[in-house]
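These notes concern the structure reproduced below.
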Number of protein chains: 2
Amino acid sequence: MQSKNLNIIGAGLVGSLLSIYLAKRGHKVNVFERRPDIRKNRISAGKSINLALSDRGWKGLEGVGIADEIKKVGIPMKGRLIHTQDGKTNFQAYGKDGQAIYSVSRGGLNCVLMDLAEKSGVTFHFNEKCTGIDLAAGSSHFENTETKKQTTGQADHTFGTDGAFSAVRLQIQLSTDRFDYKQSYLEYGYKELRIPPVPRTLQNPSGEFALEQHALHIWPRGNFMLIALPNMDKSFTCTLFFPFEGKPSFTELNTEEKMLHFFEATFPDAVRLMPTLAKDYFSNPSSSLVTVKCFPWSYQDKFLLMGDAAHAIVPFYGQGMNCGFEDCVVLNQLMDKHSDDMKSVFAAFETTRKPNSDAIADLAVANFVEMRDRVSDPKFILQKKIETLFSQKYPDKWIPLYSMVTYSPHIPYSIALKEGEKQEAIMQKILALPGIERNWDSAEVEAEILKYLK
Amino acid sequence: MQSKNLNIIGAGLVGSLLSIYLAKRGHKVNVFERRPDIRKNRISAGKSINLALSDRGWKGLEGVGIADEIKKVGIPMKGRLIHTQDGKTNFQAYGKDGQAIYSVSRGGLNCVLMDLAEKSGVTFHFNEKCTGIDLAAGSSHFENTETKKQTTGQADHTFGTDGAFSAVRLQIQLSTDRFDYKQSYLEYGYKELRIPPVPRTLQNPSGEFALEQHALHIWPRGNFMLIALPNMDKSFTCTLFFPFEGKPSFTELNTEEKMLHFFEATFPDAVRLMPTLAKDYFSNPSSSLVTVKCFPWSYQDKFLLMGDAAHAIVPFYGQGMNCGFEDCVVLNQLMDKHSDDMKSVFAAFETTRKPNSDAIADLAVANFVEMRDRVSDPKFILQKKIETLFSQKYPDKWIPLYSMVTYSPHIPYSIALKEGEKQEAIMQKILALPGIERNWDSAEVEAEILKYLK
């Protein structure tokens, strides 16, 4: 196998991980990134502060040998901790004992990946904004945002991992025929808020988490919600998912008085833990939530879109990064299979991955409704109890949808979606059985599920 | 009412008609067009040669007083003339007696509209390619394709009528948040071919149409088709709608021998009338078929997308231009209603037109299946007979879908779509009645339809 010149545009999580995989295969890899080196000056990428790593993501990190290192700086979240409006809480496990998703710092993970990439021989070029692409020539044009110097990157193959608003994808949209493309926004935005650690006291000199640390906290409120994920510094990053327009909405809560009044009535137990709420609310942006679907992802054997550039999804299944890391794993497998013949690799990659990225995109949108609304519905809670019981008894017959997506990287997203639809149809029939509230754990119900599974 | 500076980007059919409406309201209108003046040098716009004008389009032309002039240079087509593979033909009327759609020349119509626009005080700027837009400033940048001179057009309000690949829309996509956008391609392309007039003879010194002139000819062949529309010079412009890939496909028919062999077996009666088939087939492009949906269509009161720029559709309902002309009629009505307060006009326009343009987009895609396949199905022919009979007897209770779309501009596309779905559901039940082939025109069947309509 021949060593090739490979360019990657975008040094985010997927681009950085990809660069390691490609360098380890013996290729010469250059990565071009629009922003400065976040390792020198921790700046926000305008994205979420933390992320939930689950098994597809771990598999990606294992492939380059840094899963253990990252696990040390992640916080396992074993389930959802639901906060009702009257201050009660209710824990819903995310899987079996020992299973958890991990809250990790986006910036921290990105830095570790870039360090390892450099150790593996990858060269990073920062402040290099992609200004244009010549698809047929396989060349990419950059302007240095500081020196304004223009350069051209020529490569045998170029990977566009430049995110939801990919410059590489735009070039494919503008200069090729028959490129299917869709960007669609939710009518909801998100805003990050903060719960700091409980202040140090004499009894508790290092401060402490203000809420249970091993959970993803949700304040479901019908058509909107607040969530919180723990950070290593014992703070929580909260995210309010909220309508842009209407009542209530970001547009409506436009004064400190209106906002505080609303929060105190709606999230009373959270507000008490948020001393900087007003400042955070009015200084942090209300960001939009986009889903991007497109096809094809490649141009000949010259360019390939991966990660969010190919398939940006909303965050409600916690799978954006995990799906992007799985892209890297799949690409690496296909390069093994096709002996780095990139024409075959690119074609196989987009054909294999497209149905799976479409599936997780749809699952992610659907999970918003589950998180903000259904999790507090007694019928839903009952459904989860029945499913959990049955899947514990028949682990070969029933893996809950959440577990297929989160803990079962051997099950493609598209299969998980299809199985999940079947399961949902069965559960709706089960929930319609008379007296199900009382006999949900009976042998009759179990027999009924087994009957439907046949 | 105040006279304003209005810019229109794109001097195609919709931009030219719009300019007349706006100039007649007393505004100062400048139109910028990327191509040269087609009146000086008839060039192809890379689009179809002729178009089918129907009642929504006529209404648009009537509003500026040129419907009669255009009618003189259009050829009424009273129905579909189906050509089966064994050379038989079958006529299916497009509506009631006296109803017809009109084959008109795209270029000719565009020239007439530009002439009238100039007479109404509109100024055209040709060879002006839009290179960028400053949405907030309301300014548009142009480069003259001949002199390379750069200019900036500043206006109170700017209309983007620059077609399916709109530069104005791209700017909205790139520089605003929460812009929903979708471009989707069929796996079929089209290629224009030609049937010339029958050569002059002593008996027939002016030549003659080679086929019935007052019909839209269709050679339906399952997953593809050939169609032909008459021109004023007694030729027909044929269009082959054909898969890009597979068997058969444009990719497969890549030699003259393969192509002729296929055509002779598939369209035997047409091939005899196509002396330039081989030349046309290999020199004319295989063009793609795109549907574009997006929202919003406006940026504040500064920019508004109209016509294909807002809602490009596939040609199978013959409604692309008609829908664009209806845009002009609706905009004009809204300017009356809101006294040219463009903030209100733009908001009302996009809200009103979006469901209707979505509906005709979906109807157009669905009609491809009807034209290429269903029209030759005996069940479908029977269905049309029953519908026609019933709608003649009960014109208030049943207007066939095709007639609602084509001859009923007072019925919005979205209502037509919904009514059409109801009608289709009823007809499927009627066609399932025992003995329907024999008693389709009986009182029982009539009573049955009346029952379902209640």
- Task: Could you grab me the full set of residues in the range B:114-144 that are touching an Asp or Glu at 6+ places or on another chain (Cβ under 9 Å) and either under 18 Å from residue B:169 (Cβ atoms) or modelled with pLDDT under 95 (or both)?
- Result: B:128, B:129, B:130, B:131, B:138, B:140, B:141, B:142
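Do we have any residue at all in the range A:185-201 that's under 13 Å from residue A:294 (Cα atoms) and either among the hydroxyl-bearing types (Ser, Thr, Tyr) or under 19 Å from the mean Cα position of the chain (by Cα) (or both)? Please lay out each step first, then the result.
Initially, the range A:185-201 is screened for residues under 13 Å from residue A:294 (Cα atoms), giving none.
No, the range A:185-201 has no match at all.
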- Note on the structure: Residue hits (the range A:181-228; in contact with a helix residue (DSSP H, G or I) (Cβ under 6 Å, 6 or more places away or on another chain) and within 14 Å of another protein chain (Cβ to nearest Cβ)) are A:181
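Give the range B:56-66 a look and list any residue that's surrounded by fewer than 18 Cβ atoms within 10 Å (Cβ to Cβ), more than 30 Å from residue B:372 (Cα to Cα) and within 17 Å of the chain's Cα centre (by Cα), or say none. Spell out how you get there, then give the answer.
Taking the range B:56-66 and keeping what is surrounded by fewer than 18 Cβ atoms within 10 Å (Cβ to Cβ), we get B:59, B:62, B:65.
Next, only the ones that are more than 30 Å from residue B:372 (Cα to Cα) stay: B:62, B:65.
Answer for the range B:56-66, where residues must be surrounded by fewer than 18 Cβ atoms within 10 Å (Cβ to Cβ), more than 30 Å from residue B:372 (Cα to Cα) and within 17 Å of the chain's Cα centre (by Cα): there is none.
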- Message: If I go through the range A:302-322 residue by residue, how many of them are under 12 Å from residue A:362 (Cα atoms) and of a type in the set (S, T, N, Q)?
- Response: 1
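In the list A:33, A:69, which residue meets the criterion of being among the acidic types (Asp, Glu), under 22 Å from the mean Cα position of the chain (by Cα) and not assigned by TED's automatic domain parsing to the domain that holds residue A:317?
On the way: A:33 fails: not assigned by TED's automatic domain parsing to the domain that holds residue A:317.
Testing whether each residue is among the acidic types (Asp, Glu), under 22 Å from the mean Cα position of the chain (by Cα) and not assigned by TED's automatic domain parsing to the domain that holds residue A:317 leaves just A:69.
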- Item | residue B:174, sole failed condition from (1) assigned by TED's automatic domain parsing to the domain that holds residue B:33; (2) touching a residue at least 60 places away in the same chain (Cβ under 8 Å); (3) out of contact with any Cys (no Cβ under 6 Å at 6 or more places or on another chain) | (2)
- Item | Conditions (1) at pLDDT below 95; (2) over 18 Å from residue B:211 (Cα atoms); (3) surrounded by 18 or more Cβ atoms within 10 Å (Cβ to Cβ); number of the one not met by residue B:110 | (1)
- Task: For the range A:117-127, enumerate the residues that are surrounded by fewer than 17 Cβ atoms within 10 Å (Cβ to Cβ) and in a loop (DSSP other than H, G, I, E, B).
- Result: A:120, A:121
- Task: Taking the residues in the range B:236-269 that are over 10 Å from residue B:193 (Cα atoms) and in contact with a Leu (Cβ under 6 Å, 6 or more places away or on another chain) as candidates, determine which candidate is surrounded by the most Cβ atoms within 10 Å (Cβ to Cβ).
- Result: B:267
- Can you name the condition, by its number, that residue B:78 falls short on among (1) among the basic types (Lys, Arg); (2) surrounded by fewer than 18 Cβ atoms within 10 Å (Cβ to Cβ); (3) modelled with pLDDT of 95 or more? (2)
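Which one of these is closer than 21 Å to residue B:375 by Cβ and not assigned by TED's automatic domain parsing to the domain that holds residue B:318: B:449, B:430?
Details: B:449 fails: closer than 21 Å to residue B:375 by Cβ.
B:430 is the lone residue from the list that is closer than 21 Å to residue B:375 by Cβ and not assigned by TED's automatic domain parsing to the domain that holds residue B:318.
Rundown of residues vs (1) in contact with a Phe, Trp or Tyr (Cβ under 9 Å, 6 or more places away or on another chain); (2) not in a helix (DSSP H, G or I), yes/no style:
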site: B:111; (1), (2): no, no
site: B:115; (1), (2): no, no
site: B:129; (1), (2): yes, yes
site: B:140; (1), (2): yes, yes
site: B:153; (1), (2): yes, yes
site: B:165; (1), (2): no, yes
- Could you look through the range B:378-422, keep only residues that are touching a strand residue (DSSP E or B) at 6+ places or on another chain (Cβ under 9 Å) and closer than 24 Å to residue B:89 by Cα, and pick out the one that is surrounded by the fewest Cβ atoms within 10 Å (Cβ to Cβ)? B:381
- Query: Just to be sure, is residue A:169 within 14 Å of chain B (Cβ to nearest Cβ) and either polar (S, T, N, Q) or crowded, with 18+ Cβ neighbours inside 10 Å (or both)?
  - Reply: yes
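The values are calculated or read from the model by the stated rules, or taken from the named source; none is laboratory data. Remember, it's a predicted structure, so these values are computed and weren't measured experimentally. Cβ coordinates were reconstructed from backbone atoms using ideal geometry, including for glycine residues, and neighbour counts include every protein chain displayed.
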